[in-house]
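What follows is calculated from the coordinates using simple rules that are stated; it is not laboratory data. Since the structure is predicted, the reported quantities are computational estimates derived from the model, not experimental observations. Neighbour counts run over all protein chains shown; Cβ positions are idealised from the backbone, glycine included.
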Amino acid sequence: MLGDYRITGRRASEIAADVEQGVSSGRLAPGTALPPLRDLAAELGVNPNTVAAAYRLLRDRGVIETAGRRGSRIRPRPAHTPRDQLRLPVPPNARDLSNGNPDPALLPDLTPALAAAAEAARRNPVRYGTPAADPGLLALAGAAFAADGLPSGPIAVASGSLDTIERILATRLRPGDAVAVEDPGWGSLLDLLPALGLRAAPVRLDDAGLLPDALADALADGARAVVVTSRAQNPTGAVLTADRAADLRAVLAGHPDVLLIEDDHGHGIVDARYHPLAGAGSAHWAVVRSAAKAYGPDLRLSVAVGDEDTIGRVLGRQRLGAGWVSHLLQCTVAELWRTDAAPAGRVAAAYRARRDALIVELAARGIGAHGASGLNVWVPVPDETTALASLVQRGWVVAPGARYRLQSPPGLRITVAELDPAQARQLADDLAAVLGTGGAGSRLI
């Protein structure tokens with residue numbers, strides 16, 4: 001369990017500090033199991049409640065993770081070391097296909113929308129006590145949600161998808177609860193869960209989204225929430241099909257107390273039809289849409305619709321912290337939503353052409369890849385480290401699959417948002433040379 005290491009301390013803070021010192025020094029390795037509460041309490045001569053408080057501090061700080069009856073273990077990495085820091089340096093003249101950013105050329109000009117928002121602020125300055133959400137933005141968001149067949153409900157405005165998801169999880173779950181997540185899935189979400197003291201329950205997926213049997217297993221094992229990406233799944237590009245959504249709704253109908261969060265961050269950059277899971281019987285649910293991919297990452301704004309209790313908790317917690325999202329941003333996004341001259345269909349078609357160009361070139365060389373929507377292509381590989389290093393030598397920097405995986409096989413995420421289709425052939429040639437004849441196969445799971 002601990003090997004030669006002996007935990008010391010009489011107070012909860014002292015015990016927690018000693019464990020953190022062991023982790024920092026490398027004497028407590030990732031995955032090391034900590035003693036059961038009562039065993040450590042007896043060894044230290046303290047009340048078990050003291051050890052419980054120490055473990056709670058360590059869990060809240062992201063040092064350990066708790067798996068119910070399986071006990072507590074040292075986490076693979078501290079919660080303050082996010083996965084997106086696993087970056088390779090970009091050598092001079094190399095192409096950076098690792099960042100996940102939209103193509104600036106496909107983003108709208110913000111100048112007119114910002115000017116309209118500034119004029120609105122001049123005419124009607126926002127003061128303390130002003131309603132948190134801009135009525136125009138609420139109307140546009142509500143109409144879009146209704147058009148996609150979502151149940152009616154209150155709408156919250158927050159600072160991006162992750163901010164919304166964090167507020168929902170923090171107000172609905174307790175430390176130690178398990179959350180069913182896609183594997184491979186969004187690295188930021190996988191980092192957020194342990195930072196909140198929550199456990200990730202990995203669920204396999206394919207190009208049509210989460211596998212119903214895998215989700216059923218996670219829920220049967222006690223997952224209290226599920227986060228699912230509707231379209232443009234990061235990193236694989238998966239899209240929920242009508243049939244898959246129906247199957248998942250059937251699974252969720254058997255667990256009405258499970259919190260359902262749908263992340264539809266691809267809204268505005270994909271042309272795949274949206275098939276909601278909300279309405280399957282989940283008592284607590286939310287659908288989140290962000291402005292980042294369609295209008296620019298610096299527009300830190302998202303809208304979320306959900307049941308009254310969940311959205312009410314989000315708004316209540318927001319009032320105690322940030323208060324509201326800047327109305328300048330809200331009005332800017334509303335103006336873009338109303339007047340953007342680049343329809344989503346044209347943007348989606350451009351990204352689709354870039355994904356398809358690479359996938360077709362890879363397939364011609366015997367390399368299977370995934371990318372049904374969004375900005376990225378996922379390529380399964382037998383060895384991430386070797387593939388990454390070899391591609392860098394050939395002038396390509398891509399993202400390691402380790403940022404996005406829990407239990408799923410190795411892979412590479414390639415952001416194609418700015419990849420010229422004419423360059424896809426050279427990238428495919430280089431990747432084929434790295435992987436050898438026949439590639440690595442095409443299975444996600």
Discussion item. For the ranges 173-181, 25-33, 10-18, what's the packing order if you count other beta-carbon atoms within 10 Å of each residue, average per peptide, and put the highest first?
Written reply: 173-181, 10-18, 25-33
Discussion item. If I model a spin label at ARG394 and ALA353 as a point 7 Å from the Cα along the Cα→Cβ vector, what separation in nanometres do I get?
Written reply: 2.5
Item to complete: Using only alpha carbon pairs under 8 Å that are at least six residues apart, calculate the relative contact order of region 111-232 and give it in whole percent.
Response: 21
Worksheet item: What ³J(HN,Hα) values, in whole Hz, does the Karplus curve 6.51 cos²θ - 1.76 cosθ + 1.60 give for region 178-184 when θ = phi - 60°, with x put for Gly and Pro?
Response: 9, 10, 6, 9, 5, 9, x
Worksheet item: Given (i) 19.5; (ii) 21.8; (iii) 23.2 as candidate values of mean projected area of the Cα convex hull in nm², which corresponds to the one derived from the coordinates?
Response: (iii)
Fill in: Packing-based ranking, highest mean first, of 231-241, 207-217, 139-149 given that Cβ atoms within 10 Å are counted
231-241, 207-217, 139-149
Response to the item:
With R₀ set to 30 angstrom, the calculated FRET efficiency between the beta-carbons of ALA402 and ALA220, to the nearest 0.05, is 0.60
Practice prompt. Sticking with the crude label model, points 7 Å out along Cα→Cβ, report the distance from ASP213 to ALA52 in nm, one decimal please.
Written response: 4.0
Response to the item:
Dipole check, region 111-339, charges on Cβ (K,R +1; D,E -1), about Cα centroid: among ASN124, PRO297, GLY149 the Cα furthest to the positive pole belongs to ASN124
Worksheet item: Using θ = phi - 60° and the Karplus form 6.51 cos²θ - 1.76 cosθ + 1.60, what ³J(HN,Hα) does each residue of region 275-285 get, whole Hz, x for Gly and Pro?
Response: 10, x, 9, 4, x, 7, x, 5, 6, 10, 7
Discussion item. Calculate the FRET efficiency for ASP4 and ALA42 from the Cβ-Cβ distance with a Förster distance of 25 Å, rounded to the nearest 0.05.
Written reply: 0.80
Worksheet item: Arranged by the count of other C-beta atoms within 10 angstrom, fewest first, what order do ILE64, ILE155 take?
Response: ILE155, ILE64
Worksheet item: Label ALA364 and ASP271 with points 7 Å out from Cα along Cα→Cβ: what is the distance between them in nm?
Response: 2.2
Discussion item. Taking amide H atoms as placed 1.01 Å from N in the peptide plane, list the residues 5 or more away in sequence, or in a different chain, whose amide H sits under 5 Å from that of ALA178.
Written reply: ARG199, ARG224
Worksheet item: Expressed in nm to one decimal, what extension gain is obtained for the pair ALA105 and ASP420 from 0.36 nm per residue of sequence separation less their Cα-Cα distance?
Response: 112.2 nm
Item to complete: Post the alpha-carbon centroid distance, region 5-27 to region 128-164, in whole angstrom.
Response: 45
